[in-house]
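Enquirer: To start, I am sharing the structure in question, which I have written as structure tokens.
The values are calculated or read from the model by the stated rules, or taken from the named source; none is laboratory data. Since the model is a prediction, treat every value here as computed from it, not as a measurement. Quick reminder, even Gly has a Cβ in these numbers, built from the backbone with ideal geometry, and neighbours come from all protein chains shown.
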Amino acid sequence: MKNKFKFSEGLKKYTMVIVLAFVVILFTVNTGGKMLLPQNVNNLIAQNAYVFILATGMLFCILTGGNIDLSVGSLVCFIGAIGGTMMITFGINPYVSLLAMAIIGVLAGAWQGFWIAYVRIPPFIVTLAGMLMFRGLSNVVLQGMTLSPIPNPFLSLFNSYVPDIFGMEGFNLTCFLIGIIACLGFFVMELLGRRRRQQKGYHVDPLLGTIIKLSLISIVILAFMYKLAMYKGIPNALIWVTVVIGIYSYITSKTTTGRYFYAVGGNEKATRLSGIDTNKVYFLAYLNMGFLAAVAGMITVARLNSANPTAGNNYEMDAIGACFIGGASAYGGTGTVPGVIVGATLMGVLNLGMSIMGVDQNLQKVVKGAVLMAAVIFDVVSKRKSFIAKQ
Amino acid sequence: MREAPSKNNGKGGVILAKILLEMKNITKTFPGVKVLSDVNLQVEEGEIHALVGENGAGKSTLMNVLSGIYPYGSYEGDIIYDGQICEFHYINDSENKGIVIIHQELAMVPYMTIAENMYLGNEKGKKYAIDWNETYGEADRYLKTVGLTESSHTLIKDISVGKQQLVEIAKALAKRAKLLILDEPTASLNEDDSKALLELLLKFKKEGMTSIIISHKLNEIAYVADKITILRDGQTIETLDRNVDTISEDRIIKGMVGRELVDRFPKRHDVKIGEMAMEVENWNAYHPLYSDHKVVSDVSFHVKKGEVLGICGLMGAGRTELAMSIFGKSYGANISGTVRIHGEEVKLNSVKEAIGHKLAYVTEDRKGNGLILGNPIKINTTLANLKAISHRTIIDKDKEFGVAQEYRDKLKTKCSSVEQNVGNLSGGNQQKVLLSKWMFAEPDILILDEPTRGIDVGAKYEIYCIINRLAAEGKSVIMISSELPEVLGMSDRIYIMNEGKMVGEISAEEATQEKIMACILKSDQHSEGILGTPKERAKQQEGE
């Protein structure tokens, strides 16, 4: 009886992971294996790096109470426009430009954060205004034109691959070795942590379950790195994404600051009465969103090898969708960085798979919309007993 | 139609009158608590019937049963209205029969006109087209009936609370009310508005309207009511009849509080009351939205080390507002006054500063203001003192787990583990988690706001033990409570608050329920003085 209960709990917890696995298999079969060609696996990262980064930032906004940031797509474009103009029109050093882009992102985030957190203008309004303003400003900065090409030092930061030190023909051994080291490190850390907890007499999950979980994750990482090694190795974008994800999942799960975000979304009044500055939490969410939009802006400029006034269109929707599919609650207070990664990957896989299959662009949107809807319905309904809400 | 003889009230005098409403043996239970048990109520046609009782006596619940908010089947007993047994499933069912309830909190949409509010959900005209001419015309007519001169085109937000109350009555009339139920209609009204409202009720009575009025203001009840039914702890105690009994406030108070004080409180041994812990002087606070409404007015009090201080009063007396405005200005505007902690004057401008000065406020609204229901016990336990379990902002989760378990054991919180979400715990256990949270913040002075509201007797006893233990450790406990027996049983000293003011201070030895109730209810009269004694009333009426 108890086991059965745990099984259904686990099913609920890992629903999206199971869905993701199912979708990958479905596409692999339907595309005759093309889906998992090394180049396509590589593209999955390169094309979706911005989604991972924006969705991570968006999670913090959503955690505070289901608040979203509509301006990120425009902000990505605006940051790109600034960077492009600095590097190409004025010939300023790419690294200086990089710093300027980051600062402008933070300032834009602070601007919106101020109105939302301290003046309490609804985030929807503030960021809708931001969406219009930053899009307009991008056009003003670029004078409606596309600037290219982007200088090489900048491109190589985001666009190239981690160099292979072994030089094997057709297989990037460095890449695969990093994968193995990552898995080993992961195993050791988890098991050491488990033993430490056990020694202190705290509750631990059963050893078998932990090992199965670790093994599954390791297999996925290894398979993934193997595919990348078959192509050109680790794309730099993956490094950036990993760093961002690593830092932010640490913040959410281990720090007091992260705890404040969950608390505000869970019950703002109780949080305020616990001596926590809730205004500051809102402010930080949007400030940070601005910074991550800048990072995504850098990646986008490098990927397009240009700064153009239409870049970043609808990026906010991808980020918001990834968060909700990844289990963030539309009311705030729940959601994790790993969940968002699963959500973003699912969106990416859907995009990639349907493109390979040659599904019509418009139909692709229908499918993505349906998946988003289904995910949120599942989230909302699974939390209460009846399907139809009681009055 | 049923012509029933009025009950024989034991003093002879059997009068024939039509019984409009009879509620028979009504019993209503919420999970774990019996709120009404075998309550009987008889209302004659054309009378004003008052329902009185302490907070939580079951008055509002009884009226919710009557109006169908608690639908047929969720309670036991019969409602006989106009000679028929009724089964109300929705509010509409009772309204169609002419039973209209006006709730204590006004339910108006501020940015709609008076007329739109009056006919909300009950629109005039055809199904697909509202007849605005008829709506505004009818509304104006009803407004005149209740004595309002405003046009029905006025927005609700532009009229005073007193007038809004009258609009509610006009709305009820528009629903062709035969039985009007008013829940604390004068709670938020000033002197003149209250008087106008009561006069209006008397005028309606002459026109044949039947009303039930729930009120704490006994002078008002003594003024308008023909009969008074007293509820206590979910039971009908007695019904007083103006024509038979002498209705005095003391008589009503006796009925309201005449409860046996059984040994429900743990004894405290070696009470050692030490030096002064906190002094508050001339404390004032205004309502955050209505800046001319003073919620706390010139309050001064003090508490010593190791002392349990009770603050009692009726709902809306300003106790919570007082506590929250002191606790880092978390309520109110234009707050003024001085706070001295251990003899030193302190400025508590934020909750953080208040916690820093070793003050804790345990809210009365544990679900709304206290706990994060969707989070586990351990996260709730540490939220007010994350510093103690983290090193350079990095949380030591093992330590957090240990702390949560320590407090679970200390307070005997019943749960499967500290990983359990607090939303799944019973009220008493939620309260214990809330107490854990504030005990972990290591305060010297704890303000407990209604610490035992909505929890069962066993859990109450345990909470009382915790309070005594805290006091024995030399902490100062300020207990705000509406339950008089609790205040009497637990406190070393008692303050009585009413309408934002401290109206009395009494030592535990001298205090009795009657004394406290009288203090509250009589201060009402002093401050309002609207009706006074019958003689004064007659004078007033002559004056007009």
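Enquirer: Looking at the stretch A:248-260, is at least one residue more than 14 Å from chain B (Cβ to nearest Cβ) and over 21 Å from B:VAL422 (Cβ atoms)?
Expert: Yes - at least one qualifying residue is present in the stretch A:248-260.
Enquirer: Going through the stretch A:33-74 one residue at a time, which ones are among the small types (Gly, Ala, Ser) and outside any loop (DSSP other than H, G, I, E, B)?
Expert: A:ALA46, A:ALA49, A:ALA55, A:GLY57, A:GLY73, A:SER74
Enquirer: Further question on the same structure: State whether one or more residues within the stretch A:224-244 are under 30 Å from B:VAL351 (Cβ atoms), modelled with pLDDT of 90 or more and under 25 Å from the mean Cα position of the chain (by Cα).
Expert: For the stretch A:224-244, residues under 30 Å from B:VAL351 (Cβ atoms), modelled with pLDDT of 90 or more and under 25 Å from the mean Cα position of the chain (by Cα): absent.
Enquirer: In the stretch B:414-439, which residue that is surrounded by 19 or more Cβ atoms within 10 Å (Cβ to Cβ) and among the basic types (Lys, Arg) is farthest from the other protein chains (Cβ to nearest Cβ)?
Expert: So the residue we want is B:LYS432.
Enquirer: Next up: Specify the residue that is modelled with the lowest pLDDT; the eligible residues are those in the stretch B:182-203 that are over 22 Å from the mean Cα position of the chain (by Cα) and of a type in the set (A, V, I, L, M).
Expert: Of everything passing the filter in the stretch B:182-203, B:ALA196 is modelled with the lowest pLDDT.
Enquirer: Does the stretch A:238-245 include one or more residues that are in a helix (DSSP H, G or I), aromatic (Phe, Trp, Tyr) and closer than 19 Å to A:ILE299 by Cα?
Expert: Checking the stretch A:238-245: at least one residue is in a helix (DSSP H, G or I), aromatic (Phe, Trp, Tyr) and closer than 19 Å to A:ILE299 by Cα.
Yes/no matrix, rows are residues, columns are (1) small (Gly, Ala, Ser); (2) surrounded by fewer than 15 Cβ atoms within 10 Å (Cβ to Cβ); (3) farther than 27 Å from A:LYS383 by Cα:
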residue: B:SER325; (1), (2), (3): yes, no, yes
residue: B:GLU353; (1), (2), (3): no, no, yes
residue: B:ASN369; (1), (2), (3): no, no, no
residue: B:THR393; (1), (2), (3): no, yes, yes
residue: B:ASP398; (1), (2), (3): no, no, yes
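Enquirer: Please determine, by comparing only the residues of the stretch B:221-246 that are within 23 Å of the chain's Cα centre (by Cα) and aliphatic (A, V, I, L, M), which one is farthest from B:ILE48 (Cα to Cα).
Expert: Across the stretch B:221-246, the extreme among qualifying residues is B:ILE237.
Enquirer: If you don't mind, another one. Against the conditions (1) under 12 Å from A:CYS61 (Cβ atoms); (2) within 14 Å of another protein chain (Cβ to nearest Cβ); (3) surrounded by fewer than 23 Cβ atoms within 10 Å (Cβ to Cβ), where does A:PHE283 fall short? Just the number, please.
Expert: Failed condition: (2).
Enquirer: Another question, if that's okay. Answer with yes or no whether B:ASP298 is touching a residue at least 60 places away in the same chain (Cβ under 8 Å), more than 14 Å from every other protein chain (Cβ to nearest Cβ) and either of a type outside the set (D, E, K, R) or not in a loop (DSSP other than H, G, I, E, B) (or both).
Expert: yes
Enquirer: Looking at A:GLY297, A:GLY290, A:GLY265, which one is crowded, with 24+ Cβ neighbours inside 10 Å, within 13 Å of another protein chain (Cβ to nearest Cβ), assigned to a helix (DSSP H, G or I) and not acidic (Asp, Glu)?
Expert: The unique qualifying residue is A:GLY265.
Enquirer: Can you name every residue in the stretch B:378-436 that is part of a loop (DSSP other than H, G, I, E, B) and aliphatic (A, V, I, L, M)?
Expert: The answer is B:VAL418, B:LEU425.
Enquirer: Taking the conditions exactly as written (surrounded by 21 or more Cβ atoms within 10 Å (Cβ to Cβ), more than 13 Å from chain B (Cβ to nearest Cβ), among the hydrophobic types (A, V, I, L, M, F, W, C) and within 30 Å of A:ASN159 (Cα to Cα)), does A:LEU228 satisfy them or not?
Expert: Judged against the criteria, A:LEU228 is a match.
Enquirer: Anything in the stretch B:327-348 that is at negative phi, surrounded by fewer than 18 Cβ atoms within 10 Å (Cβ to Cβ) and not hydrophobic (A, V, I, L, M, F, W, C)? List them, or say none.
Expert: B:SER336, B:THR338, B:ARG340, B:GLU344, B:GLU345, B:LYS347
Enquirer: Among the residues of the stretch B:305-319, are any more than 30 Å from B:GLU514 (Cα to Cα), crowded, with 16+ Cβ neighbours inside 10 Å and more than 13 Å from chain A (Cβ to nearest Cβ)?
Expert: Within the stretch B:305-319 (the criterion being more than 30 Å from B:GLU514 (Cα to Cα), crowded, with 16+ Cβ neighbours inside 10 Å and more than 13 Å from chain A (Cβ to nearest Cβ)), the answer is no, since none of the residues qualifies.
Enquirer: Let me ask something additional. Within 14 Å of chain B (Cβ to nearest Cβ) and closer than 18 Å to A:ILE341 by Cα: is that true of A:SER274 in this structure?
Expert: Criteria not met by A:SER274.
Enquirer: For A:THR174, all conditions in the list (1) in contact (Cβ under 8 Å) with a residue 12 or more places away in the chain; (2) in the same structural domain as A:ARG303 (by TED's automatic domain parsing); (3) of a type in the set (S, T, N, Q) hold save one; what is the number of the exception?
Expert: (2)
Enquirer: What are the pairs with Cβ atoms under 9 angstrom where one residue, in the stretch B:478-492, is not assigned by TED's automatic domain parsing to the domain that holds B:GLU450 and of a type in the set (Gly, Ala, Ser) and the other, located anywhere, is part of a strand (DSSP E or B) and crowded, with 24+ Cβ neighbours inside 10 Å? Sequence gap at least six, or different chains.
Expert: Within 9 Å, no pair qualifies.
Enquirer: When the residues of the stretch B:327-361 are filtered to those that are touching a residue at least 60 places away in the same chain (Cβ under 8 Å) and out of contact with any strand residue (DSSP E or B) (no Cβ under 6 Å at 6 or more places or on another chain), which remaining residue is farthest from B:SER507 (Cα to Cα)?
Expert: B:ILE355
Enquirer: Another one. Mind telling me which of the residues A:ALA117, A:ALA129, A:ALA182 ends up being within 20 Å of A:SER74 (Cα to Cα) and either among the basic types (Lys, Arg) or surrounded by 12 or more Cβ atoms within 10 Å (Cβ to Cβ) (or both)?
Expert: A:ALA129
Enquirer: Taking into account only those residues within the stretch B:361-413 that are more than 10 Å from chain A (Cβ to nearest Cβ) and small (Gly, Ala, Ser), which is nearest to the chain's Cα centre (by Cα)?
Expert: Of everything passing the filter in the stretch B:361-413, B:ALA404 is nearest to the chain's Cα centre (by Cα).
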